[in-house]
1. With every protein chain in place, what's the accessible area of LEU125 (1.4 Å probe, Å², nearest 10)?
2. How big is the accessible area of GLU75 in square angstrom, nearest 10, if you roll a 1.4 angstrom probe over the protein chains?
Amino acid sequence: MPANAPDTPDAPDTTAAVPDTPDAPDTTAAGPDAPATGSWIAPLFSTLLTLPLGFFGLVFAMLSPMACDSCDRAEADRFQAAFEVAFPTLVVGLLVSLALLIAAWIPPRRAGFSVGAPLAVVVTLLVFMGLLGVR
């Protein structure tokens with residue numbers, strides 16, 4: 001006979017399950033795959049940084065050919081050749097940062113993707129300016 005079993009059949013059963021109460025903590029959701037509380041904060045800040053940075057970077061890239069309006073023919077040809085490489089590079093870099101931003105929101109949320117998205121925009125803009133030869 002187990003140690004916690006009642007001695008008489010009329011004794012109340014003390015091993016019965018306690019009913020769930022609203023004040024009882026929910027232990028079923030906690031686990032290794034459960035999202036951490038506040039895991040949405042890093043992707044939110046990343047979104048608030050990445051989208052405006054990407055927009056203004058794209059506008060900057062689209063307006064950059066106007067910098068060579070007063071160039072002579074040889075300079076304009078060099079700029080055009082550099083721009084034909086730099087602009088598609090910028091677009092691919094912005095798509096990579098968008099993919100990182102989307103990955104930051106997919107559970108389980110990882111802070112690395114949230115940090116990587118705005119950094120990808122900045123690196124992409126620096127590569128764009130480097131390809132154009134902006135000083």
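The values are calculated or read from the model by the stated rules, or taken from the named source; none is laboratory data. Quick caveat: nothing in here was measured; it's all calculated off a predicted structure. Remember, those area values only see protein heavy atoms, side chains included, never the ligands or the DNA or RNA. Shrake-Rupley method; radii C 1.70, N 1.55, O 1.52, S 1.80 Å.
1. 30 Å²
2. Rounded to the nearest 10, that gives 80 Å².
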